[in-house]
Amino acid sequence: MTPNVNIRSVKVLNDVGFGTDSTIICGYINVYNWLQANPTKRAIINMSLGYGGLNPLLNAITSWFATYFSSRLVIVVAAGNSAVDACTRTFPVVPEVVAVGSVNAALAESVFSNFGKCVDILAPGESVLSTIPTSITGLKTGTSMATPLVTGTIAQYWVENPTQTGISIRTCIAAATCPLHAAMLTAKNAATPNKLVQYRCPGKCCFFDSITPVG
């Protein structure tokens, strides 16, 4: 959907979805080397993974990484699926990232989605059509499904607005008025920003046209 964008896979979890601090750090090193070797390129890191608690080392590395490459990098992370304050979780608590929560087809915050002021934006995350290892496609649910929708929207916006920087995109998402989101939620936790991802789709969420709800 977005021209002139390349998707690069960086594996930090094993085949059953588990990883360690060192595997995540190795993933950052991989991206660091690529950015250093391609000084004119921009990048968006999609981190559809979770960490059960606060890890000061990983948070510090994430903050440094986003700051060091702030002109040409955006890090988008899943807010998590524990229905707790996202500020209590590694990655969403880092101010320099874009943390994504989940909504359902009724535009209500998903019951499982982590919430609060550390969530920056929300996107559809329930019954999302996805590729899966055991079949061609299937329906998946979680903030890890909402996160790529925001990543893709930022990519589209960045291609069409190449003078924007990584930090200006994050600043825009934090603002009350931004072309990347709108206040459209019908129900949410009081502390969660009412910011549903959208781009060039005034008054609606573009992505529900391609999502098949169940139930």
### Summary
Filter segment 26-57 for residues that are open to solvent by 30 Å² or more (accessible area, probe 1.4 Å) and in contact with a Ser or Thr (Cβ under 8 Å, 6 or more places away or on another chain); the one that is nearest to Gln164 (Cα to Cα) is Ile44
### Query
So how many residues does segment 188-212 have that are at pLDDT below 90 and in contact with a strand residue (DSSP E or B) (Cβ under 9 Å, 6 or more places away or on another chain)?
13
### Message
Based on this model, can you work out whether Ile167 counts as under 25 Å from Leu73 (Cβ atoms), of a type in the set (Val, Ile, Thr) and open to solvent by less than 20 Å² (accessible area, probe 1.4 Å)?
### Response
no
### Task
Could you tell me whether segment 78-87 includes any residue that is in contact with an Asp or Glu (Cβ under 6 Å, 6 or more places away or on another chain) and of a type outside the set (A, V, I, L, M, F, W, C)?
no
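Here is a check on your reading of the model: is Thr153 among the polar types (S, T, N, Q), open to solvent by 40 Å² or more (accessible area, probe 1.4 Å) and at negative phi?
Taking the combined requirement at face value, the residue does not satisfy it.
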### Query
Given the structure, is Gly138 surrounded by fewer than 17 Cβ atoms within 10 Å (Cβ to Cβ), free of Cβ contacts under 8 Å to residues at least 40 places away in the same chain and under 20 Å from Asn104 (Cβ atoms)?
yes
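The values are calculated or read from the model by the stated rules, or taken from the named source; none is laboratory data. Predicted, not measured: the structure shown is a model, and the values here were computed from it. Cβ coordinates were reconstructed from backbone atoms using ideal geometry, including for glycine residues, and neighbour counts include every protein chain displayed. To get the accessible areas, we keep the full protein, side chains included, count just its heavy atoms, and leave off ligands, DNA and RNA. Shrake-Rupley method; radii C 1.70, N 1.55, O 1.52, S 1.80 Å.
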